[in-house]
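Quick note: the coordinates plus some simple rules give every number you see, no bench work behind them. As the structure is a prediction and not an experimental result, all values here were calculated from the model. As a convention, Cβ positions derive from the backbone with ideal geometry for all residues, glycine included, and neighbour counts pool all protein chains shown.
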Amino acid sequence: MATNTARALWYVAPGQAEIREEMLTAPQPGEVRVRALFGALSRGTEALVLAGRVPESEFERMRAPFMGGRFPFPVKYGYATVGQIEEGPEKHLGRTVFALHPHQHHFNIPESAVVTLPQAVPPRRAVLAANMETALNAVWDAAVGPADRVAIVGAGAVGALVAFICSRLIGVEATLVDINEKRAELAQKLGVRFAKPETARDDCDVVFHASGSAAGLGTALSLAGDEATVLELSWYGDAPVTVPLGGAFHSRRLRLISSQVGRIAVSHRSRWTHHRRLAAAVALLADPCLDALLAPEVEFSDLPRRLPEILDARNGVVCQLISYP
C-alpha cells in the first residue's frame, strides 16, 4: 500500500542535515509514485552544499532536478535514486527505475523523468547513473578518438567512469592518475592503467581533470602534449583556484575547456535529449567491474549522523551507496 508521507534528507545549516517528513499527494496524471531502494551521495558537490559553499551567482544554475528549498539553506538536494514504481499507469507498476531525485524514501515524479533499468543493470550499481551521465558528456566534450593517449587526473567516481568509458574506445591508452596509491586497485578492476602524478606519462592527446584541487589541475596541464585538450570537470564552489598559466602554457597552445552535465555536449546537442543521454548512461552500467566504485551501504536514516564522515575527502570513499530499508 502506498504511503501518504515521505521522509527526505535536508541540508539545513553548514555541516548539519536532518530527515524531515512531508506529505505526499496522490500521483497526478502523467506521474508515478516511486519507493526508493538505493541512492548515492555525490561527494564533491554535496560536500559543498553541506558546507554552504554554493556561490550566490550559481544558486539557480546549481538547482538539481526536483530539489526542494533554496540555497544556501535549507535545501533538499541530491540526484541519484533507484526505486520501484508503486503507483501510476499500469504499464509502469513494479518497474525498477533510476531518477535524478533528491534523497527521499517515497516521491512522485513525471513518468517521463524516470529511466527503466535494463535487466543487465542491478539496482545497486544503477545509482552510478548520474555520475556516468557526467562522464559520458565529458568524453563527448573532449572529443576523445580511437588510439588517443588519455590521462584522467582524480580517481573519484566521475574520473573513474571517464577512464572506464575511454578505455573501451578502440586503441585508447587510458591512465587514471591519483595521489592515493590505493586507487591502483580500483584502476586494475576497471581495466585501466594507474599512475601517481610524478610517474604519469606526459604528451597526452586529452587530459581530464577531476581531482577538485588546484594541484591536480596543475598536474593535468603538465601531462598534456602540445596543442592538446585539458578538460576541467572539477567544481570548486566559492573557492578561488590558482591555475598555472605561465611557463609554456601559451607556447604549447594548450586548450583548457570546461564541461558541465547541465547541457548536452555541443557535438551531440542537435540529436540527443537529456532523457536519451541518461538512458544511455544507465545502459553503460552493465559491466560488473563498476561495482568496485561502491562503498558498503549506509542506511538512509543514518545519513544525518554519518554525512561529515562520508563527505570527508580523506576517507577513501569513491561512491557512497545508500539503502532505504
Problem set entry | Prolate/oblate/rounded label for segment 86-216 (Cα gyration tensor, a/c 1.5) | prolate
Problem set entry | Point-to-point label distance, Ile170-Asn315, nm (Cα→Cβ direction, 7 Å offset) | 4.4 nm
Problem set entry | 10 Å-binned pair-distance histogram of segment 219-269 (Cα, whole percent) | 21, 45, 30, 4
Exercise. Plugging the Kirkwood radius over Cα pairs into Stokes-Einstein for the chain, at a temperature of 37 °C and a viscosity of 0.692 mPa s, what D comes out in µm²/s?
Worked result: 162 µm²/s
Exercise. Using θ = phi - 60° and the Karplus form 6.51 cos²θ - 1.76 cosθ + 1.60, what ³J(HN,Hα) does each residue of segment 76-88 get, whole Hz, x for Gly and Pro?
Worked result: 9, 10, x, 7, 8, 9, 10, x, 10, 6, 9, 9, x
Exercise. According to the square roots a ≥ b ≥ c of the eigenvalues of the Cα gyration tensor, what is the shape class of segment 190-233, taking rounded for a/c under 1.5, prolate for a/b larger than b/c otherwise, and oblate for the remainder?
Worked result: rounded
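Just to verify a number: FRET efficiency for Thr242 and Arg276, C-beta to C-beta distance, R0 = 45 Å, to 0.05? Before the final figure, lay out each step's value.
Values: r = 38 Å, r/R0 = 0.85.
Working from the Cβ atoms, E equals 0.70.
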Exercise. Once every DSSP H run of n ≥ 4 in the chain is given -39500 (n - 2.57) and the sum is divided by its residues, what mean residue ellipticity at 222 nm do you get, rounded to the nearest 500 deg cm²/dmol?
Worked result: -6500 deg cm²/dmol
For this session: Sticking with the crude label model, points 7 Å out along Cα→Cβ, report the distance from Ser323 to Ser251 in nm, one decimal please.
Result: 5.8 nm
Seminar exercise, completed: The summed charge of the Ser259 Cβ neighbourhood (under 12 Å; Lys/Arg +1, Asp/Glu -1) stands at -2
Seminar exercise, completed: Between Glu22 and Ala184, Cβ-based FRET efficiency (R0 30 Å, step 0.05) works out to 0.10
For this session: May I ask you to evaluate 6.51 cos²θ - 1.76 cosθ + 1.60, the Karplus curve with θ = phi - 60°, for each residue of segment 116-127 and list the ³J(HN,Hα) values in order in whole Hz, giving x for glycine and proline?
Result: 5, 6, x, 4, 7, 10, x, x, 4, 5, 5, 5
For this session: Note the angle between two axes, namely the Cα long axis of helix 214-223 and the longest principal axis of the Cα atoms of the chain, as a number of degrees from 0 to 90, rounded to the nearest 10.
Result: 50 degrees
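With +1 assigned to the C-beta of every Lys and Arg and -1 to the C-beta of every Asp and Glu, and no other charges, what is the dipole magnitude of segment 200-325 about the Cα centre in debye, to the nearest 20? If you can, show how the numbers build up before the last one.
Numbers: 12 positive and 14 negative charges, 119 e Å.
In debye, rounded to 20, segment 200-325 gives about 560.
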For this session: In whole Hz, with x marking every Gly and Pro, tabulate ³J(HN,Hα) for segment 105-114 from phi via Karplus 6.51 cos²θ - 1.76 cosθ + 1.60, θ = phi - 60°.
Result: 5, 9, 6, 9, 7, x, 4, 6, 9, 10
Exercise. Once Lys and Arg get +1 and Asp and Glu get -1 on their Cβ, which of Ala147, Val207, Ile257 lies farthest toward the positive end of the dipole of segment 144-258?
Worked result: Ala147
Problem set entry | Kirkwood Rh and Cα Rg combined as Rg/Rh, segment 144-258 | 0.95
For this session: With springs connecting C-alpha atoms under 10 Å apart, model the chain as a Gaussian network and identify which of Ala210, Ala36, Ala184 has the largest mean-square fluctuation.
Result: Ala184
